[in-house]
Structures are given as C-alpha cells and as structure tokens.
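Worksheet: the structure to be examined is printed underneath.
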Amino acid sequence: MSAFVADSEDNQARMHQAVAAQLRDRDAGLMQYFYRSNVVYQRELETVVFKSWLWVGHVSQVPEPGDFFLYEIAEESVIIARGNDGEIRALINSCRHRGSRVCEQGQGHCKTFVCPYHGWVYGTDGSLRAARHMEDAMPGFRKEDLGLKQARVAVRFGMIFINFDAEAYDFNESLKLADAQMGPYRLDRAKIAHRQSYPVDANWKIALGNYLECYHCETAHRAYSKIHTFKEREHVVAPINRAMWERAERETGVPDIEKAVYRMFREAPGFGSCVYTSRYALFDGYRTGSRDGTPVAPLMGGFKGYDGGAGDCQFGPLTYMLNYPDHCVLFRFVPFGNARTDMEIVWFVDGDAREGVDYDRDTLTWLWHATTLEDKRIMTLNAAGVNSHFFEPGPQHPEFEDTPKRFVDWYMHALAGDFAVVPPTVRAHRISSCEVAHHS
C-alpha cells in the first residue's frame, strides 16, 4: 500500500486496509498513513481519545464552589467547575441553543455561565437557569431538559480525570489499584509549583511514542541519562533495581512502594482506563531528578527519606507521571489536529512547601524543562522525517520499544472497533522482569 493517500481517495475502507497491514508486522513502527490521514484522525478521536480517561487538572484549581477552569482538546472545550454542592463536573462548553461557547475565561470564579449570544443562563452544575422568552413562546419548553451536556468525572489522588463516553469503565476502580504506591505522595493536598505547555508541530502519536521509550535517552538527553537507569539495558540495571527495592520501604517509610501494577493499554481494566506504576532505580549517588541529583524540595506527603528510586506511572493513555520523593512531575499529551500536539508538564511539591523558602522554582523545574526542550527538537525532526515520500518504518527494539509496540497494538484494535480487554499477565517488562514478584 502506498504511504501517501490523497484526501479524495481516503475513506474508512482504506483505513481498515492500513490497520490490517500494520497488524501483520507487529514489530514495525507506525506507517506514515496513520500520521497523515484525516480519516484516521477523526476515527481516533471517536474511538480512542473521546473514549479514554483524560487528566484535566488538580483539585487545587477549583477549591471553592463557583471555581472553574477550561480544558481544551481537539475542537472541544470543557468547563471543569465545582458546583454549590461541592461536586466537580465537566460541562461541555457549548450552549444548548445555538452552540456558542458560554465560557470564555480560561479560569475564574462565577455564580452562573451566561451565553454571550442569546443570554441563556447556566448554573455551575450545568443546569439551565433561564432562557430568555423561550418558556412564554413555547409551551412545551423544559429548562430541565436543556442543561449543558456533561462528561464523566473521576477524582482520585487530587487529580481530576474526564471521559466523554457515558459508558466508560469506572476509572476510580482502576485508580484504586495504585493506592499503595500513589497515596503516600498525598497529591490531594499537594500544590502546583509550576506548569508549562510545550506545543510541538508533530502528530500526537509521535509525541506519545517518544515518551514511551528510552531508546533515544542516551543520544538526546545527557542530563537525564546521568541520573536515570531507564536508559540502560535491563541486564545492566537489574542488580541496581534489586538493591533499591530491598531498601525502598525502609528508607521511604512507605509500605509496598516498590511493588508494580501493570494494567496498560489492552490489559487495562476497561478501555482507556490504563493504570500503571513501578519503581526503578536512579544511579548511585542521585536521590532525585534535579541538575545534580540532590533534593530540590521538602519530602512529599508521607515520605520519610530517599531510596534512590523514582516512581514511573501512567493514568489513562495520555497522562504519565514521574514521582520522586521530593516532587512529582506530570506529563500530558493533548492532540490538536494531525500535526500539532500540546505537551504540558506540571510540577507538584508538598502542600506546605513555600516557594523561595523551601524550593526554588527554576531549580525544581530545570531537568524536565531542559529535557522537554530536547524532546521537542527531536519530535519536530521526527515529524518532518515521516513526511518523506520515501519513509518506511523500521523494526522496533524488542526491549527499549516494547511499550510503544503495545500502544500500537491497542491503538490498531481501537481503530478497528475491537475494544476487548486482554486479561492481565505476569510478564517481563523493562524495569522489573528479574523480579516478577513485584508485579500485582
């Protein structure tokens, strides 16, 4: 099949042919077609993005009733608002009359949302409060039938997730699997020390695929690679990991911190409800992810010390975290069309930490700001390269690129409409195959 398909020739049948071709070679990277096709992009919004759990923000952004902020993805805008009853809701930012946005501010506090077009008024719970002259002119008009549409919401560890699919698997059930590993960070009372967006001119699957592998780390990220063992082959780091796991609970004071949960992609409890956490070692002499590996903030939540390890986490298909004992770093990927992705990074510190006293923001963010700028460069080059008329995906490394292959397999089945969940297996993966007992 030709990699280049003119828009006039592209259709669902062409897409299904491409899916079948991709699945015939499960070791190869994605074909060019899946980065360029508008048919694919619309299909993946419907079958992947809008059916998956997506991180939208932190509870600290809506502490009081009436507080809100906007979350945007693709062409969608969602108002994340705390109602007078204390509940956090995800309101589709589209008036039920003619579709106008009813909220323009990125964040704020209000009692109602008023459509600027015809003045319909909505409560912070999404209910329609007033529709000027409609009830008088239309006897069958019912305000209770025309509230703002809503997405599903899940809140755990202080993190707010939404899903546009009303039938989606309950994400709170998935997130419970990581309670032992995530709870001690006490992210529900953490503070956002900094957040920054890094727009990149690349398809979202290029950006995500880059995050899912560390084959590129030693080449592209020298500062990161001095600290994190993830850049090495498993046989090299296995003894370092074993030593860290043996001391992890003793040094951190957190029971089971070293244990792993592996329910990603097709092994997630429900479609788009991935949850994964494991702990891998930093190189000897490094305690956290900073310029020199020394602490940059007070210990998080219930942590008592440093074990020389870091928690690697996934929540849904587009949200990831790297958690050190003294700070947590969240990464999310947001598609905006075939050729633009917004990568956002959020740095969390303990809720009692004071900027300028307990931590310096530039010191805290240096490593992942520098690393992400390096990533942005190689993603941009990758996006340009896959547009070559002569591009053909090569084989992926069986160890370093195992997770991208699992993503592609899940993604292909989703495009094909196959949403079956594969039973979880206790199996090898890059950072703990020598210690299968650490898998849940």
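For region 96-103, the condition holds for at least one residue, the condition being that it is out of contact with any Phe, Trp or Tyr (no Cβ under 8 Å at 6 or more places or on another chain), more than 30 Å from residue 416 (Cα to Cα) and modelled with pLDDT of 95 or more. Summed over region 277-295, the residues that are over 19 Å from residue 222 (Cα atoms) and either touching an Asp or Glu at 6+ places or on another chain (Cβ under 6 Å) or surrounded by fewer than 23 Cβ atoms within 10 Å (Cβ to Cβ) (or both) give a count of 3. Looking only at region 169-189, how many residues end up being touching a Gly at 6+ places or on another chain (Cβ under 7 Å), open to solvent by 10 Å² or more (accessible area, probe 1.4 Å), of a type outside the set (Asp, Glu) and closer than 23 Å to residue 87 by Cα? The total comes to 3.
Evaluate the following for residue 177: is it more than 21 Å from residue 47 (Cα to Cα), part of a helix (DSSP H, G or I), in contact with a strand residue (DSSP E or B) (Cβ under 8 Å, 6 or more places away or on another chain) and of a type outside the set (S, T, N, Q)? Against the criterion (more than 21 Å from residue 47 (Cα to Cα), part of a helix (DSSP H, G or I), in contact with a strand residue (DSSP E or B) (Cβ under 8 Å, 6 or more places away or on another chain) and of a type outside the set (S, T, N, Q)), residue 177 qualifies.
Scanning region 1-26 for residues that are of a type outside the set (S, T, N, Q) and either at pLDDT below 90 or in a strand (DSSP E or B) (or both) yields 1, 3, 4, 5, 6, 7, 9, 26. For residue 271, the stated conditions do not hold, so it cannot be described as surrounded by fewer than 23 Cβ atoms within 10 Å (Cβ to Cβ), touching a Lys or Arg at 6+ places or on another chain (Cβ under 9 Å) and not basic (Lys, Arg).
Residue-level analysis places residue 50 among those that are open to solvent by 10 Å² or more (accessible area, probe 1.4 Å) and in a helix (DSSP H, G or I).
Tell me the residue from 30, 70, 45 that is touching a Cys at 6+ places or on another chain (Cβ under 9 Å) and either open to solvent by 10 Å² or more (accessible area, probe 1.4 Å) or not in a helix (DSSP H, G or I) (or both), please.
Testing whether each residue is touching a Cys at 6+ places or on another chain (Cβ under 9 Å) and either open to solvent by 10 Å² or more (accessible area, probe 1.4 Å) or not in a helix (DSSP H, G or I) (or both) leaves just 70.
Of 102, 56, all but one fail to be surrounded by 14 or more Cβ atoms within 10 Å (Cβ to Cβ) and not in a loop (DSSP other than H, G, I, E, B); the exception is 56.
For residue 196, the conditions (1) open to solvent by less than 70 Å² (accessible area, probe 1.4 Å); (2) closer than 19 Å to residue 313 by Cα are fulfilled apart from (2). Residues of region 323-348 that are in contact (Cβ under 8 Å) with a residue 60 or more places away in the chain and either over 18 Å from residue 74 (Cα atoms) or among the polar types (S, T, N, Q) (or both): 323, 325, 327, 328, 330, 338, 341, 345, 346, 347, 348. Kindly indicate whether residue 252 is out of contact with any Phe, Trp or Tyr (no Cβ under 6 Å at 6 or more places or on another chain) and among the hydroxyl-bearing types (Ser, Thr, Tyr). No, not satisfied.
Residue-by-condition table, conditions (1) on the phi < 0 side of the Ramachandran plot; (2) surrounded by 14 or more Cβ atoms within 10 Å (Cβ to Cβ):
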site	(1), (2)
93	yes, yes
109	yes, yes
116	yes, no
119	no, no
128	yes, yes
143	yes, yes
151	yes, yes
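Note on region 335-379: among residues that are open to solvent by 60 Å² or more (accessible area, probe 1.4 Å) and of a type in the set (Gly, Ala, Ser), the one that is farthest from residue 37 (Cα to Cα) is 356. Scanning region 224-249 for residues that are among the basic types (Lys, Arg) and free of Cβ contacts under 8 Å to residues at least 40 places away in the same chain returns a single hit, 231.
Going by the structure shown, is residue 237 open to solvent by less than 10 Å² (accessible area, probe 1.4 Å), of a type in the set (Val, Ile, Thr) and either part of a helix (DSSP H, G or I) or touching a helix residue (DSSP H, G or I) at 6+ places or on another chain (Cβ under 9 Å) (or both)? Yes: the conditions hold for residue 237. Selection of first residues in region 124-139 that are free of Cβ contacts under 8 Å to residues at least 12 places away in the same chain and of second residues that are surrounded by 13 or more Cβ atoms within 10 Å (Cβ to Cβ) and part of a helix (DSSP H, G or I), restricted to Cβ pairs under 8 Å at least 6 apart or on distinct chains, gives the following pairs, ordered by first then second residue: 135/143.
Residues considered: 251, 246. Of these, the only one that is more than 18 Å from residue 277 (Cα to Cα), at pLDDT 90 or above and over 24 Å from the mean Cα position of the chain (by Cα) is 251.
So which of 290, 278, 225 ends up being part of a loop (DSSP other than H, G, I, E, B), among the hydroxyl-bearing types (Ser, Thr, Tyr) and on the phi < 0 side of the Ramachandran plot?
Of the residues listed, the single one that is part of a loop (DSSP other than H, G, I, E, B), among the hydroxyl-bearing types (Ser, Thr, Tyr) and on the phi < 0 side of the Ramachandran plot is 290.
The values are calculated or read from the model by the stated rules, or taken from the named source; none is laboratory data. Just so we're clear, the structure is a prediction, and the values are computed from it rather than from any experiment. FYI the Cβ positions are ideal-geometry reconstructions off the backbone, even for glycines, and counts take in every protein chain you see. Calculation scope for accessible area: heavy atoms of the full protein, side chains included, ligands and nucleic acids excluded. Shrake-Rupley method; radii C 1.70, N 1.55, O 1.52, S 1.80 Å.
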